[in-house]
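Colleague: Quick one: the structure is below, questions incoming.
The values are calculated or read from the model by the stated rules, or taken from the named source; none is laboratory data. Note that the structure is a prediction, hence the values are computed from the model and not measured. Positions of Cβ are backbone-derived with ideal geometry, glycine not excepted, and every protein chain shown enters the neighbour counts. SASA here: full protein model, heavy atoms, side chains in, ligands and nucleic acids out. Shrake-Rupley method; radii C 1.70, N 1.55, O 1.52, S 1.80 Å.
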Amino acid sequence: MTVQQAIRLLRDEGLVVSRQGSGVFVRQRTEQPVGLRPHLDRAFEAPRVLVDFAGFSGETLHGAITEPLDKVRAGRLRPETVRVRILVPDPSVPWSLPARVDDRSDSPAFRERARRIIERHSLAVVDAVNELGELGLVAEARAEVRVMPVVPLFKLYVINESEVFFGFYPVREHTVTLEEVSTPIWDLMGKDATLFHHSADPDPESMASQYVQQSVSWFESLWTTVARELPR
């Protein structure tokens, strides 16, 4: 269990990747991964914390945000407001990806499996954030999960509307057990996604500032239009 926890931490920091059936490997230096966790820690030092995530399940966000939330509970960090918004694909409608390898068709059984993963991680974040407000540790704390009608081929984190982390999901063959049958699936491998960091600077016309602003606008456009509450 100790080894598994250590590997999970290294994976969260982007230092290793897991490959189905092969093992765990150190990333090549040329990949230049960016660790999300330390940036989230610093974000929670601000009076107003806003974290937006768009991606497949929220598993990495769950792992990365747990530590700063624990620090708030322990009184080591004292933000005034915390808001987290999680945008994931709707598991109640057919998906084009992930898909079965044999005929590239949608798999309701895989979507049900994905739904459980989404709920396990995203709702854990929601409960942990909302608890901060219920305990009076933060003046205003709110977290929500909404689903979108498409499956994203990337993951996006927007932190305090000033930093963006973006990474593409590689598509790989992944054999999973569905209804007690080993089923090859073309899957989106979130743990193998390399995150790239963009930070706004004082010049609003700079490339970095525009990238952050467009990311904020893109997320807001989905969140306020076609996104809906996670079906239970």
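Colleague: May I ask you to list the residues in the stretch 187-208 that are among the hydrophobic types (A, V, I, L, M, F, W, C), free of Cβ contacts under 8 Å to residues at least 12 places away in the same chain and open to solvent by less than 90 Å² (accessible area, probe 1.4 Å)?
Modeller: Ala208
Every residue, every condition in (1) in contact with a His (Cβ under 6 Å, 6 or more places away or on another chain); (2) closer than 20 Å to Leu153 by Cβ; (3) open to solvent by 30 Å² or more (accessible area, probe 1.4 Å), yes or no:
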{"residue": "Gly35", "(1), (2), (3)": "no, no, no"}
{"residue": "Pro47", "(1), (2), (3)": "no, no, yes"}
{"residue": "Val51", "(1), (2), (3)": "no, no, no"}
{"residue": "Thr66", "(1), (2), (3)": "no, no, yes"}
{"residue": "Ala74", "(1), (2), (3)": "no, no, yes"}
{"residue": "Leu77", "(1), (2), (3)": "no, no, no"}
{"residue": "Glu80", "(1), (2), (3)": "no, no, yes"}
{"residue": "Val84", "(1), (2), (3)": "no, no, no"}
{"residue": "Val88", "(1), (2), (3)": "no, yes, no"}
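Colleague: Continuing with this model, one more query. What tally of residues in the stretch 141-186 results from selecting those that are among the β-branched types (Val, Ile, Thr), over 21 Å from Ala227 (Cα atoms) and either assigned to a loop (DSSP other than H, G, I, E, B) or open to solvent by less than 20 Å² (accessible area, probe 1.4 Å) (or both)? Before the answer, list the steps.
Modeller: To start, the set of residues in the stretch 141-186 that are among the β-branched types (Val, Ile, Thr) comprises 145, 147, 150-151, 158-159, 164, 171, 175-177, 181, 183, 185.
Next, from what is left, pick out any that are over 21 Å from Ala227 (Cα atoms): 171, 175-177, 181, 183, 185.
Adding the requirement that they be either assigned to a loop (DSSP other than H, G, I, E, B) or open to solvent by less than 20 Å² (accessible area, probe 1.4 Å) (or both) leaves 176, 183, 185.
Going through the stretch 141-186 one residue at a time, the tally reaches 3.
Colleague: Continuing with this model, one more query. Restricting to the stretch 73-94, what's the tally of residues that are touching a residue at least 60 places away in the same chain (Cβ under 8 Å) and within 15 Å of Asn160 (Cβ to Cβ)?
Modeller: The qualifying residues number 6.
Colleague: While we're looking at this one, here's another question. Out of Pro47, Pro108, Pro91, I need the residue that is in contact with a helix residue (DSSP H, G or I) (Cβ under 6 Å, 6 or more places away or on another chain) and either of a type outside the set (A, V, I, L, M, F, W, C) or closer than 20 Å to Leu178 by Cβ (or both). Which one?
Modeller: Within the list Pro47, Pro108, Pro91, the selection yields Pro91.
Colleague: Right, something else. Within the stretch 209-232, how many residues turn out to be assigned to a helix (DSSP H, G or I) and open to solvent by 20 Å² or more (accessible area, probe 1.4 Å)?
Modeller: Count: 10.
Colleague: Same structure, new question: Here are Ser107, Ser92, Ser57: which of them is open to solvent by less than 40 Å² (accessible area, probe 1.4 Å) and under 18 Å from Leu230 (Cβ atoms)?
Modeller: Only one candidate qualifies: Ser57.
Colleague: Please verify whether the stretch 119-140 includes one or more residues that are open to solvent by 20 Å² or more (accessible area, probe 1.4 Å), in a strand (DSSP E or B) and either aromatic (Phe, Trp, Tyr) or within 20 Å of Leu50 (Cα to Cα) (or both).
Modeller: Yes, the stretch 119-140 has at least one match.
Colleague: Here is a further query. Please indicate, with yes or no, whether at least one residue in the stretch 64-71 is touching a residue at least 24 places away in the same chain (Cβ under 8 Å), in contact with a helix residue (DSSP H, G or I) (Cβ under 8 Å, 6 or more places away or on another chain) and part of a strand (DSSP E or B).
Modeller: no
Colleague: Show the residue pairs meeting these rules: Cβ distance below 6 Å; 6+ apart or different chains; first residue within the stretch 134-160 and touching a residue at least 40 places away in the same chain (Cβ under 8 Å); second residue of a type in the set (Val, Ile, Thr) and part of a loop (DSSP other than H, G, I, E, B).
Modeller: Pro149/Val226
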